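Peer 1: I'd like to ask you about the structure that follows.
The values are calculated or read from the model by the stated rules, or taken from the named source; none is laboratory data. Just so we're clear, the structure is a prediction, and the values are computed from it rather than from any experiment. In this analysis, Cβ positions are derived from the backbone assuming ideal geometry, glycine residues included, and neighbour counts consider all displayed protein chains. Remember, those area values only see protein heavy atoms, side chains included, never the ligands or the DNA or RNA. Shrake-Rupley method; radii C 1.70, N 1.55, O 1.52, S 1.80 Å.
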Amino acid sequence: MAQITSGIRRVLSLPAAYDALQRLLGSVRGRERLYRDYIAPQLGDVVVDVGCGTAAILDLIPDHVRYFGFDLSDKYIAAARARYGNRGEFHCADITAIAADVVPASTTTLAIGLLHHLGDDGCRHLLRAIRDRLAPGGRLITLDGTFVPHQGWMSRTLVAADRGRNIRTPDAYAALVPDGMSVTTHVLNDLLRMPYAHCILVCTKDAVARSGAGRVPDPVSSLAQQR
């Protein structure tokens, strides 16, 4: 995983510090919007959260949805277990290294703030594993900082300062999606309190679509959504 962990960024390995920074940046509001407009699970859905951190998304997910969180940080997973107990099932593990039957086939898999920490080969390996664990018609939703044309200097500077060292353009993120999945690309600039460009990929596994699949807003185009 390619990221900077020295200096002040080392502090972010502490769950309390990470959560405090997220609140300061206004990510709670952004998470609510992401949930409402893109995730929105339905009764009986199975959500797998890869790189779940402290699993804060569970504040929004209703009890009738089964949740499985994966993260490589034992501190984050311990914090998630302490906060949510048996509300979800939490694994300090690499999802690509566990048997496929450890969790049921997911209807929605999340990879929020993850791809920009991985090189191209690592992303392709991860996305293939996620595809294989999705139910037919299931969705993968990713969110990462991005570089776009005509991006303001503050947004570009803040995105470039991220711990992850693999910030990509929206087209470069989409190019990592494996065969067997369709993808739509969305660019939003107002998920945080500060100017910051995010790329959202909504990837749907090829198959007869399940009821309710494709509930996300129809994109006009990634650039048209810049504000």
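Peer 1: Separation between the Asp171 and Val102 pseudo-spin-labels, each 7 Å from Cα along Cα→Cβ, expressed in nm?
Peer 2: Label-label distance for Asp171 and Val102, simple model: 3.7 nm.
Peer 1: Write down the accessible area per residue of region 32-144 in Å², having rolled a 1.4 Å probe over the full set of protein chains.
Peer 2: Result: 40 Å² per residue.
Peer 1: Arg168's amide H: which non-local residues (gap 5+, or another chain) put their own amide H closer than 5 Å, with H modeled 1.01 Å from N in plane and none for Pro or chain starts?
Peer 2: Those qualifying (amide H under 5 Å, at least 5 residues apart or on another chain) are Phe147.
Peer 1: Probe 1.4 Å, all protein chains in place: accessible area of Met194 in Å², nearest 10?
Peer 2: 60 Å²
Peer 1: In whole Å, what is the distance between the alpha-carbon centres of region 145-192 and region 90-125?
Peer 2: Here the answer is 19 Å between Cα centres.
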